[in-house]
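Visitor: Below you'll find the structure I mean.
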Number of protein chains: 2
Amino acid sequence: MAYNLAPLQNLINQFERMQGIGHKTAQRMAFYVLGLSREEANAFANAITEAHTKIKQCKICCDLADDELCPVCKSESRDKSVICVVEDPRDVAAIERTHEYKGLYHVLHGAISPMDNIGPDQIRIKELIARLGDGVVDEVIMATNPTVEGEATAMYVSKLLKPMGITVSRLAYGVPVGADLEYADEVTLSRAIEGRSLI
Amino acid sequence: MAYNLAPLQNLINQFERMQGIGHKTAQRMAFYVLGLSREEANAFANAITEAHTKIKQCKICCDLADDELCPVCKSESRDKSVICVVEDPRDVAAIERTHEYKGLYHVLHGAISPMDNIGPDQIRIKELIARLGDGVVDEVIMATNPTVEGEATAMYVSKLLKPMGITVSRLAYGVPVGADLEYADEVTLSRAIEGRSLI
């Protein structure tokens with residue numbers, strides 16, 4: 001009667017609370033933990049507390065950092081005249097993987113969404129404005145998600161920044177590379193046509 | 001550059017080691033942990049070490065237990081003349097959910113599988129034989145999985161037990177309740193025809 005054992009049930013509940021993890025998966029995960037050696041289980045538990053204790057937010061860009069500053073803000077080789085604004089630390093990781101962008105980042109930790117009671121004050125817009133005072137930054141690239149909320153956030157921020165004489169740009173919309181045109185939705189396709197370039 | 005932060009990467013790796021968890025899911029789980037409060041993260045980590053420390057195997061049936069004996073073996077109300085033999089503790093939980101079976105269990109922790117180098121000595125068959133010496137048990141129900149390995153294990157155990165004068169039975173094969181005949185595989189269907197009963 002595994003479901004009667006409190007420590008096991010507790011562990012299953014912990015896994016089940018995660019988004020996208022159903023009861024069966026949580027159960028499988030809990031049994032995986034029981035199958036670990038004592039050292040491995042301790043290492044797993046430590047990884048959780050350690051990640052939680054050691055990882056904080058970068059004082060400048062609000063990205064995740066294990067120090068006062070994140071690796072990008074600390075780096076001497078990054079172009080300090082461009083800031084790419086994203087919603088989430090995972091977006092920073094995604095852009096870093098392209099190895100194309102050499103500027104700085106700013107993580108908003110969300111997007112403006114009146115439906116969810118998230119206004120401009122609930123995300124890190126103030127912190128972004130504070131970084132722009134010294135005249136070093138020429139351009140802000142709004143890389144918020146291509147959703148209604150991300151779009152609204154990009155518009156809101158651009159309206160704040162334009163009077164400060166800063167160029168505000170937005171990621172290009174279009175068909176994803178490698179995708180099949182047949183399956184592209186109409187909005188994406190019409191944006192791709194709108195933004196067409198000469199070859 | 002989230003993928004550069006050692007504590008985060010370590011946590012992602014811990015999740016990714018679990019069967020059926022890919023990199024993206026592991027990443028999402030790690031971010032879920034970062035989003036927890038300090039207390040919640042500690043509770044999560046404790047659940048892992050606690051489940052690992054407190055859960056052992058029942059001395060009689062080898063099922064999981066948080067004590068010397070599992071709740072079924074401890075119970076006074078169970079029928080001690082029948083033992084249901086399963087491969088895995090999860091199978092005990094599945095059978096308990098039916099609320100039909102009132103006997104005892106025995107968990108083999110695997111099935112005979114020469115391909116994976118698992119012979120009769122690698123699973124808890126000795127422990128099962130040891131329980132049958134006192135003449136209390138009349139019947140052993142083999143509820144190993146309906147796979148080649150489960151089948152082989154059931155055959156092996158039944159050959160050992162029959163000379164001891166114990167009735168050995170096997171779960172019925174047939175079409176699952178609520179399923180569509182159209183999608184039943186041929187082997188299941190022919191077993192269902194073979195095992196047909198009068199109405």
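Visitor: Which of the trypsin sites (Lys or Arg not before Pro) found in the stretch A:35-64 are in a DSSP loop and have at most 12 neighbouring Cβ atoms, other than their own, within 10 Å? Spell out each step's value before the answer.
Guide: On the way: sites: A:ARG38, A:LYS54, A:LYS56, A:LYS59; in loops: A:LYS59.
Sites meeting the loop and neighbour criteria: none at all.
Visitor: So for the stretch A:49-199, Kirkwood radius off the Cα pairs, Stokes-Einstein at 20 °C and 1.002 mPa s: how many µm² s⁻¹? If you can, show how the numbers build up before the last one.
Guide: Details: Rh = 16.7 Å.
Estimated via Stokes-Einstein, D reaches 128 µm²/s.
Visitor: Tell me, what is a quarter of the convex hull surface for the C-alpha atoms of the protein assembly as shown, in nm² with one decimal?
Guide: Details: hull surface 116.0 nm².
For the Cα atoms of the protein assembly as shown, the hull's average projected area reads 29.0 nm².
Visitor: Follow-up question, since we're still on this one. Please report Rg (one decimal) and Dmax (integer) in Å for the Cα set of the stretch B:61-111.
Guide: Rg then Dmax for the stretch B:61-111, in Å: 10.2, 29.
Visitor: Using only Cα positions of the stretch A:68-147, each an equal point scatterer, no hydration layer, compute I(q)/I(0) via Debye at q = 0.26 Å⁻¹ and quote the log10 values to two decimals.
Guide: Each listed q corresponds, in turn, to -1.42.
Visitor: Moving on. Please report, for the Cα atoms of the stretch B:1-119, the Rg to one decimal and the Dmax as a whole number; what are they, in angstrom?
Guide: So, for the stretch B:1-119, Rg and Dmax equal 19.5, 62 Å respectively.
Visitor: Related question: Compare the Cα positions of A:ILE123, A:GLY165, A:MET155 along the charge dipole of the stretch A:121-199 (+1 at Cβ of Lys, Arg; -1 at Cβ of Asp, Glu; about the Cα centre) and return the one farthest towards the positive end.
Guide: A:GLY165
Visitor: How would the stretch B:1-41 be classified by its alpha-carbon gyration tensor: rounded, prolate or oblate, with rounded meaning a/c under 1.5 and the a/b versus b/c comparison settling the rest? All intermediate terms of the calculation are to be shown ahead of the outcome.
Guide: Details: a/c = 2.02, a/b = 1.27, b/c = 1.59.
In terms of gyration-tensor shape, oblate.
Visitor: Another question, if that's okay. So how many Lys-Lys pairs in the stretch B:47-175 land under 16 Å Cα to Cα, not counting same-chain pairs under 8 apart? Provide the component values of the computation, followed by the final result.
Guide: Details: B:LYS56/B:LYS74; B:LYS59/B:LYS74; B:LYS59/B:LYS80; B:LYS59/B:LYS126; B:LYS74/B:LYS102; B:LYS80/B:LYS102; B:LYS126/B:LYS159; B:LYS126/B:LYS162.
Lysine pairs satisfying the spacing and distance rule in the stretch B:47-175 number 8.
Visitor: What size of dipole, in debye to the nearest 20, comes out for the stretch A:51-101 about its Cα centre when the only charges are +1 on Lys and Arg C-beta atoms and -1 on Asp and Glu C-beta atoms? Write down the numbers at each step before the final one.
Guide: Working: 8 positive and 11 negative charges, 29 e Å.
In debye, rounded to 20, the stretch A:51-101 gives about 140.
Visitor: So what are the ³J(HN,Hα) numbers for the stretch B:108-122, from phi and the Karplus equation (6.51, -1.76, 1.60; θ = phi - 60°), rounded to whole Hz, Gly and Pro as x?
Guide: 7, 6, x, 9, 5, 8, x, 4, 9, 6, 10, x, x, 7, 7
Visitor: Compute the separation of the alpha-carbon centres of the stretch B:8-41 and the stretch B:139-199 and state it in Å as a whole number.
Guide: With the stretch B:8-41 and the stretch B:139-199 each reduced to a Cα centre, they are spaced 40 Å.
Visitor: Just the ratio, please: alpha-carbon radius of gyration of the stretch B:30-79 over 2.2 N^0.38 Å, N its number of residues.
Guide: Here the Cα radius of gyration is 1.67 times the empirical estimate.
Visitor: Once phi is turned into ³J(HN,Hα) by the Karplus curve 6.51 cos²θ - 1.76 cosθ + 1.60 with θ = phi - 60°, what whole-Hz value does each residue of the stretch A:165-178 show in order, with x for glycine and proline?
Guide: x, 9, 5, 10, 10, 10, 4, 5, 9, x, 6, x, 5, x
Visitor: For the stretch A:92-163, run through the GluC sites (Glu not before Pro) and keep only the ones in DSSP coil with at most 13 other Cβ atoms within 10 Å of their Cβ.
Guide: Details: sites: A:GLU96, A:GLU100, A:GLU127, A:GLU139, A:GLU149, A:GLU151; in loops: A:GLU100.
Those that pass, being in a loop and sparsely packed, are A:GLU100.
Visitor: Turning to a different aspect of this structure: Per residue of B:92-101, how many C-beta atoms from partner chains lie within 10 Å of its own C-beta, taken as a mean? Write out the running numbers ahead of the final one.
Guide: Details: counts 3, 7, 1, 1, 4, 2, 0, 0, 0, 0.
Average neighbour count from other chains, rounded to a whole number: 2.
Visitor: Please average, across the residues of B:130-140, the number of beta carbons from any other chain that are within 10 Å of each residue's own beta carbon, and give a whole number.
Guide: Working: counts 0, 0, 0, 0, 0, 0, 0, 0, 0, 0, 0.
Taking the mean over all residues of the peptide, I get 0.
Visitor: Another one. Want the number for A:GLU100 to A:MET164: 0.36 nm per residue separation, take away the alpha-carbon distance, what's left? Mind dumping the intermediate values first?
Guide: On the way: separation 64, 0.36 × 64 = 23.04 nm, distance 2.70 nm.
Roughly 20.3 nm would be gained on extension.
Visitor: Right, another one. Report, in debye and to the nearest 20, how large the dipole of the stretch B:19-155 comes out about its Cα centre when Lys and Arg carry +1 and Asp and Glu carry -1 on their Cβ. Before the final figure, lay out the partial values.
Guide: Values: 15 positive and 22 negative charges, 91 e Å.
That gives a dipole near 440 debye.
Visitor: Which GluC sites (Glu not before Pro) does the stretch A:44-93 hold that lie in a coil by DSSP with at most 15 other beta carbons within 10 Å?
Guide: Details: sites: A:GLU50, A:GLU68, A:GLU76, A:GLU87; in loops: A:GLU68, A:GLU76, A:GLU87.
Of the GluC sites (Glu not before Pro), the ones in loops of the stretch A:44-93 whose Cβ has at most 15 other Cβ atoms within 10 Å are A:GLU68, A:GLU76.
Visitor: Under a plain spin-label model, where a point goes 7 Å from the Cα along Cα-to-Cβ, how far apart in nm are B:LEU69 and A:LYS80?
Guide: Here the answer is 7.3 nm between the modelled labels.
No lab work stands behind these numbers, since they all come straight from the coordinates. Remember, it's a predicted structure, so these values are computed and weren't measured experimentally. For neighbour counting, all protein chains shown are included, and Cβ atoms are generated from backbone atoms with ideal geometry for every residue, glycine included.
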